[in-house]
Amino acid sequence: MEKHLNHIQKQNEEDTMNSLTAEMVLDHALQMFQKQQLQKEIDHALLHRNKQEFLKLSQQLQAYL
């Protein structure tokens, strides 16, 4: 019985670690996507010489650096 409880506890710990790892990977992927989108928007603002938009987006990008 004790072995079974230890096994269940170990499995729960592994499940928790796997969930946390998956969450971290997804968070990182989302941040990278958002950063890339901002960089594209900054490039667009530069191309169209939109200083106000460039400054706004550059400020937002600072959060990812």
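Nothing in this text is a laboratory measurement; each read-out follows from the coordinates by a stated rule. Predicted model only: the values in this text are computed from it and were never measured. FYI the Cβ positions are ideal-geometry reconstructions off the backbone, even for glycines, and counts take in every protein chain you see.
Taking region 55-65 as the range and being surrounded by 10 or more Cβ atoms within 10 Å (Cβ to Cβ) and aliphatic (A, V, I, L, M) as the test, the residues that pass are L55, L57, L61, A63.
Scanning region 1-37 for residues that are acidic (D, E), surrounded by 10 or more Cβ atoms within 10 Å (Cβ to Cβ) and over 30 Å from F54 (Cα atoms) yields a total of 4.
Any chance you could count how many residues in region 38-54 are surrounded by 12 or more Cβ atoms within 10 Å (Cβ to Cβ) and part of a helix (DSSP H, G or I)?
The number of residues fulfilling the criteria is 10.
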